[in-house]
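The values are calculated or read from the model by the stated rules, or taken from the named source; none is laboratory data. Just so we're clear, the structure is a prediction, and the values are computed from it rather than from any experiment. No Cβ is skipped: glycine too gets one built from the backbone with ideal geometry, and neighbour counts run over all protein chains shown. Remember, those area values only see protein heavy atoms, side chains included, never the ligands or the DNA or RNA. Shrake-Rupley method; radii C 1.70, N 1.55, O 1.52, S 1.80 Å.
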Amino acid sequence: MSRITAAAPPGNGPGEHYKWIALSNTTLGVLMVMINQSIVLIALPDIFRGIDLDPLDPANTSYLLWMLMGFMVVTAVLVVTFGRLGDMFGRVRMYNMGFAAFTVCSIALSLTYFDGSAGALWLIGWRIAQGIGGALLFANSTAILTDAFPAHQRGTALGINSIAAIAGSFIGLILGGVLAPVSWKLIFLVSVPFGVFGTIWAYLKLHDTGVRRKAKMDWWGNVTFAVGLISVLVGITYGIQPYGGSTMGWANPLVLLALLGGAAVLGIFVWIELKVAEPLFRLSLFRLRAFTAGNIASLMMALGRGGLQFMLIMWLQGIWLPLHGYSFEKTPLWAGIYMIPLTIGFLLSAPLSGWLSDRLGARAFTVGGAVLTAAGFVALMALPTDFDYWVFALLLFVNGLGSGLFASPNRAEIMNALPAESRGAGAGMGATFQNSASVLSIGVFFSLMIAGLSHTLPTAMHDGLVQQGVPQDVAQGVSQLPPIAVLFAAFLGYNPFQQLLGDQLAKLPGGGADITSKEFFPHLISGPFHSGLIVAFWFAVAACVIAAVASLLTGKVGGKHDVVTPEPLGEELAAVSGQLGLAESELVVPDTAMGAPSTNAAPTADGTGGESGRT
């Protein structure tokens, strides 16, 4: 049996102001990580130019994908394990390690002096290592705040922390657009002073004030979970790359082996978790209907939204912005600026829906939010590729509102369904589903978009180039460019014909000025792109509808509601961070009468909580 002990703070214990120190430091850490995550997204064009690597070369596709997804894959795999380590050995200790590791990796990323493939591998390796630091921070920051604040102030603390994380994802887009054209290394260096300061500050000032759970580590569970999940996510990553004569790699034997082998190892993981005394995942929690249905709804919403940002950025960078006079080099910055309504909608609705759902119930908000998000996708399908921006901005705002209405009440339903002593395990499981869904969503959206483009893009490119005087054989060769390369050209703010036609441009009338203009490439791909976009948006609509149906199933069962113990707004707001890839660790709920942490018994076979006990 595991043993729970209170972590003794040093000296006479933290003072009255300690909670604000904890809030300031953890908010700085989460803000820094979220800025760094989104800053890379918008700075990729300058990074590839800086290391002299052609992103349109099919051989370089994997570098681009791993630059985007490596951080998310590592975080998805490790966040539950690091949450457990924090429970066992001290959350502050794990958090401090994360702050230091993230800072060291930021320095290493800025010290890239390699070019080409070597430079790409250096960056990818350190981004993956940086994901380890990010997982340590995400897995323990919320638990530190929960330990530090009394129940009546926890809502304010965790709400500030969560909203800072959301703001960080938007600040990174703007900051990357400003810094990367000056020097791409600045996007990594900018976080170093804050990282050094935060690491020292955390080491000197933060203390473990909650409970520490002495338990055995489920090593076999950790290993099989990591191997299985990494294998599946790697298979998805390489499945969207060209293979042989195919536009995608789903028939690649190595991809099939990674997917099927990973699924088999995850099956072994489930068997192990049913046998060990201290499992990494408490599968018995799925007996709780609200927990299971809520996680299905959350997973489907994440699948529907996860790839949306990439699709919309490609739409803006590859088509709309050039058609409205923006140079290809400037489109990454302006795409980030024009996406702001999506963030504003989320920021306005997420805290408000959490507060209202406390009083009115969660189901109306989860179902309504999923339906509103689906309606936003349907409306986006009706837009022409060259749209009126204010209509586009309104639909982005509506989409953000729907996501925010869903997020906080959904996580509250999930967390409220759990006994107090199972909240850490349940939150970690939910965070893993969220992070895995983000990677899976990118694979699904890219696959659907490539499938849509592959039918119409080659003909459109061939005919358009021939009309501009490009020889038939040259036009035929360029038209066979893999669709994913065209997508990446749009995403990275490149005009691909300048590179693809090369010396051939000088032989064309006017030196090929029409082909390299701001309008030619957007007009050429707008029709095929819109066809692929419609397919991707229909998938998003279907995922949101499934989320709405699952949300309807989180209510009463046999006349008894699945909720065991209501939680304050703080836990609800903290759970919003899960929608951004942030994870919660164990939420310690103090006994208001005694000031000591309390726990409930694990759920019984019928899905209800047993007698409560105090440690």
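Tell me which residues, restricted to the range 146-161, are at pLDDT below 70 and touching a Leu at 6+ places or on another chain (Cβ under 8 Å).
Those that are at pLDDT below 70 and touching a Leu at 6+ places or on another chain (Cβ under 8 Å): R154, G155, L158, G159.
Sort through L505, L501, L492 and tell me the only one that's within 23 Å of W334 (Cβ to Cβ) and open to solvent by less than 40 Å² (accessible area, probe 1.4 Å).
On the way: L505 fails: within 23 Å of W334 (Cβ to Cβ); L501 fails: within 23 Å of W334 (Cβ to Cβ).
So the residue among L505, L501, L492 that is within 23 Å of W334 (Cβ to Cβ) and open to solvent by less than 40 Å² (accessible area, probe 1.4 Å) is L492.
Here's the yes/no breakdown for (1) modelled with pLDDT under 80; (2) of a type outside the set (K, R):
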residue: S357; (1), (2): yes, yes
residue: F365; (1), (2): no, yes
residue: T373; (1), (2): no, yes
residue: A382; (1), (2): no, yes
residue: L395; (1), (2): no, yes
residue: V398; (1), (2): no, yes
residue: P409; (1), (2): no, yes
residue: A420; (1), (2): yes, yes
residue: R423; (1), (2): yes, no
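Looking only at the range 88-97, which residues are within 23 Å of the chain's Cα centre (by Cα), open to solvent by 20 Å² or more (accessible area, probe 1.4 Å) and not hydrophobic (A, V, I, L, M, F, W, C)?
N96
Could you please give the count of residues in the range 97-122 that are touching a Ser or Thr at 6+ places or on another chain (Cβ under 7 Å) and not hydrophobic (A, V, I, L, M, F, W, C)?
Matching residues across the range 97-122 total 3.
Could you list, in sequence order, the residues of the range 58-72 that are open to solvent by 10 Å² or more (accessible area, probe 1.4 Å) and touching a residue at least 12 places away in the same chain (Cβ under 8 Å)?
P58, N60, S62, Y63, W66, L68, M72, listed by residue number.
Return only the number of the condition from (1) among the polar types (S, T, N, Q); (2) open to solvent by 20 Å² or more (accessible area, probe 1.4 Å); (3) part of a helix (DSSP H, G or I) that T385 does not satisfy.
(3)
So the check is Cβ under 6 Å with 6+ separation or different chains; which pairs have a first residue in the range 287-314 that's touching a residue at least 12 places away in the same chain (Cβ under 8 Å) and a second one that's open to solvent by less than 10 Å² (accessible area, probe 1.4 Å) and assigned to a loop (DSSP other than H, G, I, E, B)?
R287/G607; L288/A417; L288/G607; A290/A417; A290/T554; F291/A417; A293/T554; G294/T554
Among the residues of the range 170-183, is any out of contact with any strand residue (DSSP E or B) (no Cβ under 8 Å at 6 or more places or on another chain), surrounded by 22 or more Cβ atoms within 10 Å (Cβ to Cβ) and among the β-branched types (V, I, T)?
Within the range 170-183, none of the residues are out of contact with any strand residue (DSSP E or B) (no Cβ under 8 Å at 6 or more places or on another chain), surrounded by 22 or more Cβ atoms within 10 Å (Cβ to Cβ) and among the β-branched types (V, I, T).
What residue, among those in the range 98-112 that are at pLDDT 90 or above and of a type in the set (A, V, I, L, M), is surrounded by the most Cβ atoms within 10 Å (Cβ to Cβ)?
Result: L109.
Out of (1) hydroxyl-bearing (S, T, Y); (2) open to solvent by less than 50 Å² (accessible area, probe 1.4 Å); (3) part of a helix (DSSP H, G or I), the odd one out for S517 is which?
All conditions pass for S517, except number (3).
Pairs under 8 Å by beta carbon, first residue open to solvent by less than 10 Å² (accessible area, probe 1.4 Å) and part of a helix (DSSP H, G or I) in the range 525-540, partner among the polar types (S, T, N, Q) and modelled with pLDDT of 85 or more, six or more apart or different chains?
If the second residue must be among the polar types (S, T, N, Q) and modelled with pLDDT of 85 or more, the pairs left are F529/T385.
Is one or more of the residues making up the range 115-123 part of a loop (DSSP other than H, G, I, E, B) and under 22 Å from L189 (Cα atoms)?
Looking through the range 115-123, at least one residue is part of a loop (DSSP other than H, G, I, E, B) and under 22 Å from L189 (Cα atoms).
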